[in-house]
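Notes follow once the structure below has been shown.
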Amino acid sequence: MSSHASQERRTATSVLVIGTGAAGLRAAIELAESGTQVLCVAKRRRDDAHTVLAAGGINAALATMDPEDSWQQHAADTIAESYHLADPTVVELLARKAPTAIEDLVRYGAEFAREDDGRLSQRYFGAHTYRRTCFAGDYTGREIQRALVRRATDLGVEMRDDLYVTRLLVADARIFGVYGFCVDDGRREVVLADAVIIAAGGHTRIWRRSSSRRDENTGDAMRLAADAGCRLRDMELVQFHPTGMISPEESAGTLVTEAVRGEGGILRNARGERFMERYDPERLELSTRDRVALANYTEIAEGRGTEAGGVLLDISHLDRETVLERLPRMYRQFIDVAMLDITNRPMEVAPTAHYSMGGIWVEAETHRTDVEGLYAVGECATGLHGANRLGGNSLVECIVFGKIVGAEAARWSASLDAQVRDRSAIAAAGDEVSELLGRRGGEAFPRPLQRAVRDLMSECAGVVRSAAGLNEGLVRLDAVAGRIGEMEVRPDIAGFDDLAHAFDLKGSVLAARATLECALERSETRGAHNRSDFPEQDPGLAVNLLWRPGEPVAREGVGEPSPEVAVLLQGRDEMSVSGRLLE
Ligand SMILES: Cc1cc2nc3c(=O)[nH]c(=O)nc-3n(C[C@H](O)[C@H](O)[C@H](O)COP(=O)(O)OP(=O)(O)OC[C@H]3O[C@@H](n4cnc5c(N)ncnc54)[C@H](O)[C@@H]3O)c2cc1C
């Protein structure tokens, strides 16, 4: 028996879900509806999961507004926007099942906008051929989260907001539970389970400017999976949104919605030049997200940015009433956190890390991982977005594949005759926590080290990368990783946040390493990945990159779409996105 076994609480469930965002909750609902016992855990409050930040909408080819729309067209748009790195099987499954996903949400009580005759309204979003994005004002994520929490509660799903998972427990390449601690009182917990679903989000918080809030998207999902023996895929593919806030420091990266540009917002550098005239003279500020992000980055990098390191986004030429009516959330956001009235002063903005397109490798149809009984879903999984995410596709991914992994995990649990456990795996997980808590006299602390990771990722692996920068990033990361061994963790009367930060840091370091190594291997420019030393797309790199700690990056070919989707992709040119929301 391990020395800490006496302090550990042991419980068991059939399926454990890590994450109470849209993906985790949808999986839990499926499990409960099938009569399978499920426990859904998270490290922050379920009504405040990252999913609530989603604003613009959720996609499905319902054809309520444009009768010509079809699942095939939705699939073709997604593959084209992915720069042909998305897995066509994942994409086609998503596009076919998206309408049922919306039906499910409506059945759970989600109130999406409707036309006067009762049809669900759908709007344009980014590079979609037709209007296929359902929405609830600009609070779509919050509305979906509310409906899912209510449905899960009605079904009696056991949910916990206080269990930080530190390790997956594996015996003979098969999952048998998780190890963690309660963030309020530090109690250690072992939860035995036949199957585990990881729905723990992405890794965009490892950049200094991120549209994620503090302590979310710290790469936990990737670390848990990689430590358990899973492969990660395409970790270098991260979507940067062109406009995040710059100040105050604690709000750096918070999204400034694309709607500001949609309403006529003008971008200028510190010299007052409307620089988009040089990057995309036709579409100007309404150019595609990756282009505007690159333009903003270049202006700042080449010294034409503001003193604080941004560019200016100005909407003050519109009359005050119009701004208040069309952009009420933005007006409030800047008044609240920056005391800036956007109706008479420009906003200072810069690119911000927004979405993890890479993550855990999953098999296309079941979303199983490399470990038996372990599944991954939502932003932490890969396959759908390739090198550029189509706005509105991530919420529907959570709902479609949440349902699928729920059914798969239920099946796996029902098929088991016995569960093999490994006491040494539990003991090792306990030792990891004890070691951090027992250290005294250390000279390193989690917050400054997190800051060091964010600095190096921003400086060495931001919007534009190069071999020299990425190699420098790896050297700096080694230095941070070395200091983890000296890190001191001091829980206090307020709880075990410090221990959570230490594990967040471990997740961030692993996710950063995978990102840097894959970014070095992808010696081309494709979608959101810009290499200044390889500015062209390389047809030989139309592959997915697979990463495991300590191993060379491997390559995996991308499959072919079905003939009915392939035909829609032939001779397709870049689409004009003017007047369309892109979030
Ligand atoms: C500002 C903004 C706007 C967006 N707008 C849109 C949009 O309009 N349309 C769209 O489709 N997408 C949008 N997105 C993207 C979308 O919101 C996310 O991709 C999606 O919500 C991810 O959901 P998820 O369930 O995978 O993970 P999350 O909602 O991130 O949930 C992760 C869960 O895992 C838990 N967790 C993490 N680590 C641990 C751990 N170690 N132990 C225990 N629990 C853990 C967390 O507590 C949380 O419950 C937007 C994103 C942002 C930031």
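When ranked by the protection proxy of mean other Cβ atoms within 10 Å per residue, highest first, what sequence do the peptides 532-543, 38-49 form? Before the final figure, lay out the partial values.
Working: 532-543: 13.3, 38-49: 21.7.
Output ranking for 532-543, 38-49: 38-49, 532-543.
For the pair the stretch 536-568 / the stretch 494-522, the C-alpha centres are spaced 25 Å from each other.
With a sphere of radius 10 Å drawn around the Cβ of Ala500, what net charge do the other residues whose Cβ falls strictly inside it have (Lys, Arg +1; Asp, Glu -1)? Present the calculation step by step, with values, prior to reporting the outcome.
Working: positive: Lys43, Arg44; negative: Asp215, Asp220, Asp497, Asp498, Asp504.
Once all neighbours under 10 Å are counted, the net charge is -3.
In Å², what does the accessible area per residue of the stretch 383-492 work out to with a 1.4 Å probe? Working shown, then result.
Details: 4310 Å² over 110 residues.
Per-residue accessible area for the stretch 383-492 comes out at 39 Å².
Computed over neighbours whose Cβ is under 13 Å from that of Asp422, the net charge equals +3, Lys and Arg +1, Asp and Glu -1. Given a 1.4 Å probe and every protein chain left where it sits, what share in percent of the accessible area of the chain is carbon and sulfur? The nonpolar share, carbon plus sulfur, comes to 48 percent.
Taking the DSSP bridge list for the chain and keeping only pairs wholly inside it, about 60 percent are antiparallel. For the stretch 514-566, the square roots a ≥ b ≥ c of the C-alpha gyration tensor eigenvalues yield an a/c of 1.5 or more together with a/b not exceeding b/c, which makes the shape oblate. If you plug the beta carbon distance of Ala113 and Arg439 into 1/(1 + (r/R0)^6) with R0 = 56 Å, you get a FRET efficiency near 0.60. Working note: Karplus 6.51/-1.76/1.60 with θ = phi - 60° gives the stretch 128-138 the couplings 8, 5, 10, 6, 9, 10, 7, 8, 10, x, 10 Hz, where Gly and Pro are set to x. In the context of the full set of protein chains, residues of the stretch 81-171 present 40 Å² of accessible surface per residue (probe radius 1.4 Å, heavy atoms only). Each residue of the stretch 70-75 was assigned a 3J(HN,Hα) from its phi angle through the Karplus expression (A = 6.51, B = -1.76, C = 1.60, θ = phi - 60°), giving 8, 5, 4, 5, 4, 5 Hz with x at Gly and Pro. Listed values for the stretch 104-120 are Karplus-derived 3J(HN,Hα) couplings in whole Hz (6.51 cos²θ - 1.76 cosθ + 1.60, θ = phi - 60°), namely 4, 5, 5, 4, 7, x, 5, 9, 7, 4, 10, 7, 4, 8, x, 4, 5, and x replaces Gly and Pro.
Set the Cα radius of gyration of the stretch 65-207 against 2.2 N^0.38 Å, with N its number of residues, and you get 1.36.
Relative to the longest principal axis of the Cα atoms of the chain, helix 497-521 runs at roughly 60 degrees.
Between 0 and 90 degrees, the angle of helix 289-301 with respect to the longest Cα principal axis of the chain falls at about 90 degrees. Measuring between their Cα centroids, the stretch 160-216 and the stretch 364-393 lie 17 Å from each other. Which angle from 0 to 90°, rounded to the nearest 10, does the C-alpha axis of helix 140-154 make with the longest principal axis of the chain? Taking Cα atoms only, the helix is inclined about 30 degrees. The label-point distance for Glu307 and Glu158, in a model that sets each label 7 Å from Cα toward Cβ, rounds to 5.8 nm. Taking label points 7 Å from Cα along the Cα-to-Cβ direction, Glu277 and Asp341 give a separation of 3.0 nm. Quickly work out the Asp417-to-Arg214 label distance, labels modelled 7 Å from Cα along the C-beta direction, and quote it in nm with one decimal. It works out to 5.3 nm between the two label points.
Length gained on full extension, Glu372 to Glu536, computed as 0.36 nm times the residue gap minus the Cα-Cα distance: 55.1 nm. Residue ranges 280-287, 454-461, 563-570, 425-432 sort as 454-461, 425-432, 280-287, 563-570 when ordered by packing (mean number of other C-beta atoms within 10 Å per residue, highest first).
Kindly identify the stretch 379-433 as rounded, prolate or oblate by the Cα gyration tensor criterion: order the square roots of the eigenvalues as a ≥ b ≥ c, call it rounded if a/c is under 1.5, otherwise compare a/b with b/c, prolate if a/b is larger, else oblate. Each step should come with its number before you reach the end.
Numbers: a/c = 3.95, a/b = 1.66, b/c = 2.37.
Here the stretch 379-433 falls in the oblate category.
Close amide H contacts of Gly201 (hydrogens built in the peptide plane, cut-off under 5 Å, sequence separation of 5 or more or a different chain): Glu379, Cys380.
The values are calculated or read from the model by the stated rules, or taken from the named source; none is laboratory data. What you see is a predicted model; the values in this text were computed from it and never measured. Please note: Cβ atoms are built from the backbone with ideal geometry, for glycine as well, and neighbour counts cover all protein chains shown. These accessible areas exclude ligands, DNA and RNA; they are computed on the full protein's heavy atoms, side chains included. Shrake-Rupley method; radii C 1.70, N 1.55, O 1.52, S 1.80 Å.
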